[in-house]
Every structure is written in C-alpha cells, then in structure tokens.
1. Any residue that is over 26 Å from LEU52 (Cα atoms) and acidic (Asp, Glu) - is there at least one of those in the range 152-171?
2. Assuming ALA58 fulfils every condition listed in (1) in contact with a strand residue (DSSP E or B) (Cβ under 7 Å, 6 or more places away or on another chain); (2) buried (at least 17 other Cβ atoms within 10 Å of the Cβ); (3) small (Gly, Ala, Ser); (4) at pLDDT below 95 apart from one, which condition is it?
3. What are the residues in the range 77-111 that are in a loop (DSSP other than H, G, I, E, B) and within 15 Å of THR57 (Cβ to Cβ), if any?
4. Just to be sure, is ALA79 farther than 25 Å from ASN152 by Cβ and modelled with pLDDT under 75?
5. With the structure loaded, tell me whether THR73 is at pLDDT 95 or above, farther than 27 Å from THR150 by Cα and either buried (at least 19 other Cβ atoms within 10 Å of the Cβ) or touching a strand residue (DSSP E or B) at 6+ places or on another chain (Cβ under 7 Å) (or both) or whether it fails that test.
6. How many residues does the range 105-161 hold that are touching a Phe, Trp or Tyr at 6+ places or on another chain (Cβ under 9 Å) and loosely packed, with under 15 Cβ neighbours inside 10 Å?
Amino acid sequence: MRNPSPRGLGTRAGTIALCALAILGLAACGSTPPSVAPTVAPTPLITPDPHLADPTTADEVYRGLGASGLRITANNASAGGEDKDLVKRINATYLGWPLNVTQYRTAAALAKGTGWAPGEPPGQGEAPVAIAAANILVQWGPQTGDHPATPNERQLTGLKDLVTALDRLLSPLRARTIVRVDVPGVVLTSAPDPSGSSDATTADGGATPKP
C-alpha cells in the first residue's frame, strides 16, 4: 500500500487554505455594510426674554440698559426709607446728561409720584425726558434752569436708543418729553385718563418724582 506523499499533502492543505480565504473574502464582500448612526440635529438655542417682571429693581434696569449697548456710567445711588414709596435711585450719566433710574415699591406708587397730564410738556425744574413703566421711572437731562434743555442731534439719536432699550425691558412705556420721539415699533403713552384708558402719543412730556 502506498502512503500519500508529504509533498502532496502540503500542496492539498495549501489549496484548502486558499479556498477558505477566498470564501471568507466573498462573504465579507456580500455582507450588509455596518449601519451608520443617525445624525442628531443640534438643540436650538433659546434666546432669553429680556422683559423684566413687575415689580423690578433699579439695578436690573441699569444692567439691562448696559446689556443693550448703551454707554451709561453710574455715579452713585441713594435709597429711600422703609416707609417711603421710593426704594432706590441710581444716578448716572448718558451722553453728557444726567440719567436717573428710580425704583418705586409698586407701579401704583410710581403712578402717584408721576401724575403728569396727557400732552403736558415738562416745566421748570423737570427733566427734558421722563419715561415710566412698571415701577420704574427713568429721567434724562438736567433739572435746572428756567426751561428744560433741548437735546442736540447726538442726544436725539441716543434718546431713540434709550426708548428702544426700555421698551424691550419694560413695555408698555409712558413718556413725557420736551421733544417728539418717534421710534418704529414702539408706542409711547402718556398718563392714563380718569376713565382708565390711555392716550396714545409719540412722546411729549418729563416728570418730577415725589419721594
């Protein structure tokens, strides 16, 4: 009986190995490609609402005006007493004019302290610009002289920026200014009449707060 040649066995084993590799290669080529993880859409950014609650604070309004891009410099601040409607006043400077942000305890207390008549312009000793909303009164301009000062061209542009920023923070606004203010998208109202309705206007009028 003849024994198989070792050389023949080696050749046969090599052939079997090559066939096995070929079969594995074909199987790999025909297999289902790996699944691709689904693309997850990024979470949309939520822009915070800058509108402040009522009542708010003078500090929050001051910070909000600065965040709106207005270059306002705070000088000092004063506080009212525990039994006073006036809580705090921040004294600052904006475009060369004094700017005061006054916080009252409530919107009702502010209304009592700024009871100007609809359409009435500011008078002697009153700021050229006064804007009230919620429990906050913002006054801008000198409060000295026989008549309220008139803003220059640069200050007129700054007034529109101030009104726009305040409307974003505290709308609706009541205003009493020495000049007409017309800001697109912003409706200014003067003091409400006794019936409770408001007289819409594009700003005439200032106010002197009563601590």
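The values are calculated or read from the model by the stated rules, or taken from the named source; none is laboratory data. These numbers were taken from a predicted model, which means no experiment stands behind them. We place every Cβ from the backbone using ideal geometry, glycine too, and count neighbours over all the protein chains shown.
1. Filtering the range 152-171 for residues over 26 Å from LEU52 (Cα atoms) gives 152-154.
Cutting the leftovers down to acidic (Asp, Glu) gives us 153.
Yes, some residue in the range 152-171 is over 26 Å from LEU52 (Cα atoms) and acidic (Asp, Glu).
2. So ALA58 meets the others, but not (4).
3. Scanning the range 77-111 gives GLY80, ASP85, ARG105, THR106.
4. no
5. no
6. Summing the residues that are touching a Phe, Trp or Tyr at 6+ places or on another chain (Cβ under 9 Å) and loosely packed, with under 15 Cβ neighbours inside 10 Å in the range 105-161 gives 2.
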